[in-house]
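**Q** First, the structure itself, so that you have it in front of you.
Each value in this text was obtained by applying a stated rule to the coordinates, not by laboratory testing. All figures in this text were calculated on a predicted structure; none of them were measured in a lab. Using ideal geometry, Cβ is built from the backbone for each residue, glycine included, and neighbour counts are taken over all protein chains shown.
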Amino acid sequence: MNLHDFDALTFDCYGTLIDWEQGILTELRPWASKAGISDDAILETFGAEESRCEAATPDKPYPGILADVYRALGQRWGLPVSEVAPIAFGGSVGRWPAFPDSPDALAALQQRYKLVILSNVDQASFRRSNAKLGVDFDLILTAQDIGSYKPNPRNFAYALTALAEIGIARERVLHVAQSLFHDIVPAKAAGLKTVWINRRRGKAGGGATPPASGDASPDLEVGSLAELAERAA
């Protein structure tokens, strides 16, 4: 695959550009540690509950999804859940840190491509994350805009329609993401070429990402966004 054959990069944000696993652990670890829950178990259980809640209530904004996840985790772990704690967790997205390489790599990639966000989030939460990324994206497409969450194929169809409206055809779009479950499988099903940013390279398990089902083989695998920017230069 020649990276110069594309005009636009569509990005997952959380897990790819923003270190959501670190953000999730920072928020949940003090609470979950009361029940002796390990970091790996926090992430794995979060991933299972998040995907379940997104599928069950696809029109609910992401802060509400996170609040529901928090309540479900409390039930699973036998931990008390106050009225305010789920709401606070729902508002935590803007506190999650960017990966250190994201701002510089995005700035470099923007010299060659249009940059598009396709994220399972709401617009307000993404604005807080965007401030950490340091670039102005050409399109920002969120689950709030679309009314469903990845891996629903609707999200990729919506993105391709939006890109076509600005003159970019499907074959000129490259989807870049960390999650095989949320992104690589449905992007490939939509006929897109894909890059897997394997942020968990060298780590056991899937972290906060559920196991993928379907064709999860990317067209290119790299270990960081910086590596992708170097290859695309």
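**Q** Could you pull out the pairs from Lys34/Lys203; Lys114/Lys150; Lys132/Lys193; Lys34/Lys188 whose alpha carbons sit more than 30 Å apart here?
**A** From Lys34/Lys203; Lys114/Lys150; Lys132/Lys193; Lys34/Lys188, over 30 Å: Lys34/Lys188.
**Q** Gln123 to Asp138: extension gain in nm, 0.36 nm per residue of separation minus the Cα-Cα distance?
**A** Extending this stretch completely gives an extra 4.0 nm.
**Q** Here's another thing I want to ask about it. Which aspartates and glutamates have a Cα less than 16 Å from the Cα of Lys60, not counting those fewer than 8 places away in the same chain?
**A** Within the straight-line cut-off, Lys60 pairs with Glu49, Glu50, Asp68, Asp122, Asp145.
**Q** Between Ala41 and Ile166, what is 0.36 nm times their sequence separation minus the Cα-Cα distance? Round to one decimal in nm.
**A** 40.7 nm
**Q** So how do Thr57, Thr10, Thr142 line up by other beta-carbon neighbours within 10 Å, fewest first?
**A** Thr57, Thr142, Thr10
**Q** Cut-off 10 angstrom, C-alpha nodes, Gaussian network model of the chain. Which of Leu220, Leu180, Leu43 fluctuates the most?
**A** Of the options given, Leu220 has the highest mean-square fluctuation.
**Q** What does the extension gain come out to for Asp215 and Thr26, with contour length at 0.36 nm per residue minus their alpha carbon separation?
**A** 64.8 nm
**Q** Let me ask something additional. With a 10 Å Cβ neighbour count serving as the proxy for reagent exposure, in which order, fewest first, do Thr194, Thr161, Thr45 appear?
**A** If I rank by nearby Cβ atoms, fewest first, I get Thr161, Thr45, Thr194.
**Q** Would you calculate a helix-derived [θ] at 222 nm for the chain, using -39,500 (n - 2.57) for each DSSP H run of n ≥ 4 and dividing by the full residue count, to the nearest 500?
**A** Using -39500 (n - 2.57) per qualifying helix, the result is -13500 deg cm²/dmol.
**Q** Could you work out how far helix 20-32 tilts from the main Cα principal axis of the chain, as a 0 to 90 degree angle to the nearest 10?
**A** 0 degrees
**Q** Ok, one more. Over the alpha-carbon set of the chain, work out the extent along each principal axis and list the three values in angstrom, largest first.
**A** For the chain, the Cα extents along the three principal axes come out at 52, 35, 34 Å.
**Q** For the stretch 20-95, with the dipole built from +1 on Lys and Arg beta-carbon atoms and -1 on Asp and Glu ones, taken about the Cα centre, which of Gln75, Gln22, Ile65 lies farthest toward the positive end?
**A** Of Gln75, Gln22, Ile65, it is Gln75.
**Q** So what's the angle, to the nearest 10 degrees on a 0 to 90 scale, between helix 62-77 and the longest Cα principal axis of the chain?
**A** Result, in degrees: 40.
**Q** Considering only the other residues whose Cβ falls under 14 Å of the Cβ of Arg95, what net charge follows from Lys and Arg at +1 and Asp and Glu at -1?
**A** +1
**Q** With the alpha-carbon atoms as the only input, what is the per residue convex hull volume for the stretch 20-95 in Å³?
**A** Value for the stretch 20-95: 81 Å³ per residue.
**Q** For the chain, set up a Gaussian network in which alpha carbons nearer than 10 Å are linked by springs, and say which option among Ile146, Ile166, Ile37 fluctuates the most.
**A** Ile166
**Q** Using the Cα centre as the reference, give the magnitude of the dipole from point charges on the C-beta atoms of the stretch 20-95 (Lys, Arg: +1; Asp, Glu: -1; all else neutral), rounded to the nearest 20 debye.
**A** 220 debye
**Q** What is the angle, in °, between the Cα long axis of helix 153-165 and the longest principal axis of the Cα atoms in the chain? Nearest 10 is fine, range 0 to 90.
**A** Once rounded, one gets 40 degrees.
**Q** What residue among Ser148, Ser82, Ser179 has the largest mean-square fluctuation in a Gaussian network model of the chain, using Cα springs under 10 Å?
**A** Per the Cα network of the chain with a 10 Å cutoff, Ser82 tops the list.
**Q** Just how many % of Cα pairs in the stretch 113-190 lie over 16 Å apart, if you round to the nearest whole percent?
**A** That tail contains 49 percent of the Cα-Cα pairs.
**Q** What's the exposure ranking of Lys193, Lys150, going from fewest to most Cβ atoms within 10 Å?
**A** Ascending number of Cβ neighbours within 10 Å: Lys193, Lys150.
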